[in-house]
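To start, the structure itself, in structure tokens.
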Amino acid sequence: MPADKRLTTHAIEFPYTRTLGPVYSAFLTGMRDGQILGIKSRDGRVLCPPTEWDPNTGEGLDADFVEVGPGGVVTTWAWVTEPTSKHPVDHPFAFALIKLDGADTGLLHAVDAGSMDAMQTGMRVTARWKDERIGHITDVEAFVPEAAK
Amino acid sequence: MTDAKQPDAKQPDAKQLAAKQEEAVDPSAPVTGMDYFMKLEYHELLCPVVREFADALMDKRLIGHKCPKCGLIYSPPRGYCPICTVQTTKADEIEIQTHGIVTNYTVVTPVQYYGQEETEPFAKVSLQLDGGGTLSLQDLPGVPVEQVHPGMRVEIVWAPDDERHVDDVTNRSWGSAEGAIRGWKPTGEADADPSEYSDKTF
């Protein structure tokens, strides 16, 4: 590095811990245990990710959880050509909304399809779980094309 | 800010989360919290006057700028005198002595928050160097905190050649430069009279 272009680096770090509340606690406990949970809304739909409140009426929802997935359908997606260190995989991938089997809403997650050409709205994907799970959305490392699994 | 090519910035959150999980008493207990590790990493060019200061530290020298109008000495140099609002340049650079007087101090009692590496109370001192110039946030390694007091005469202890670095000198550092200046040690001389160091620093 030329002497007249010396770079300096410094970092600011904030290690937060958020309390989850009853619904996200159940959802992430499920993730740790290798299952994806949705919640039943007042009109009988299954919401995944689950919410504490009914999206139509704002009323609190009962803890009526349903296991969904691990397979599902990509309803929309965006390709990421240059992943950063914060992204779930270190090579190009897609962020996608995935309507999991048994759910009526989309879960935002990564799809590791190898190339953009392999991506298609309506394609079937399934969860690739990590071996060591801790109760976090990243316990599913990414979704992959169902045929590839 | 976040750069995938920076190996040290790779997935710190995952490590944090994994470490937290190891602490968990019961692996089958409900998950009630989510760790969220936020890190902002800045890369910036060292401004020219700070670079001069850092280069001098590597040569075991302290430098400052002397305001051509009022004569106040700034170390590290700032490139301007905020009182006279005049620019200072390489022409105003002067050598700062590596011995001086403790003018003030603060004892820090460390709270064990994330990132705190100190466990025992420690002192940070402000110095007035002989011949002019000041430095703040300096260490007196080996001196018990209860013995630190204004008027102490001290001299610099440079980090050894093979360990000396200026990685912690940034555009916003106040001259602490711990990678280059290991600290200051008492010379054993009699304390300075308060008239030598009162009303001279700010």
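Values in this text are rule-based calculations from the coordinates and carry no lab data. Nothing here was measured: the structure is a model prediction, and the numbers come from that model. Here the Cβ positions follow ideal geometry from the backbone for every residue, glycine too, while neighbour counts run over all protein chains shown.
Points to keep in mind about this one:
- Whole-number percent relative contact order across chain B, with pairs defined as alpha carbons under 8 Å at least 6 apart: 16 percent
- For the protein assembly as shown, the residue among A:ILE134, B:SER176, B:ILE63 whose Cα projects farthest onto the positive side of the dipole built from Cβ charges is B:ILE63.
- Taken residue by residue and averaged, Cβ atoms of other chains lying within 10 Å of the Cβ of A:87-95 number 1.
- Exposure proxy order (Cβ contacts within 10 Å, fewest to most) of A:MET123, B:MET38: B:MET38, A:MET123
- Rounded tilt (10° steps) of B:48-58 against the dominant C-alpha axis of chain B: 90 degrees
- Selected from B:ALA29, B:ALA190, B:ALA180 as most flexible by GNM, with chain B as the system and alpha-carbon contacts under 10 Å: B:ALA29
- Across segment B:133-202, Cα pairs under 8 Å and at least six residues apart give a relative contact order of 43 percent.
- Cα centroid of segment A:3-40 to Cα centroid of segment A:79-93, whole Å: 17 Å
- For the residues of A:11-22, the average number of beta carbons from a partner chain within 10 Å of their own beta carbon is 6.
- With a 10 Å cut-off around each Cβ of B:162-170, the average count of Cβ atoms from other chains is 1.
- The GNM of chain B, with springs linking C-alpha atoms under 10 angstrom apart, assigns the highest mean-square fluctuation among B:THR170, B:THR98, B:THR187 to B:THR187.
- Remark: the protein assembly as shown carries a charge dipole of roughly 800 debye about the Cα centre, counting +1 on each Lys and Arg Cβ and -1 on each Asp and Glu Cβ.
- In terms of the mean number of neighbouring beta-carbon atoms within 10 Å, the peptides B:40-47, B:141-148, B:67-74 order highest first as B:67-74, B:40-47, B:141-148.
- Charging the Cβ of each Asp and Glu at -1 and of each Lys and Arg at +1, and nothing else, the dipole of segment B:48-192 about its Cα centre rounds to 620 debye.
- When only the Cβ of Lys, Arg, Asp and Glu is charged (+1, +1, -1, -1), the dipole of segment A:16-149 relative to its Cα centre reaches about 100 debye.
- Computed from the alpha carbon positions, the gyration tensor of the protein assembly as shown leads to an equivalent ellipsoid with semi-axes of 58, 24, 17 Å, biggest first.
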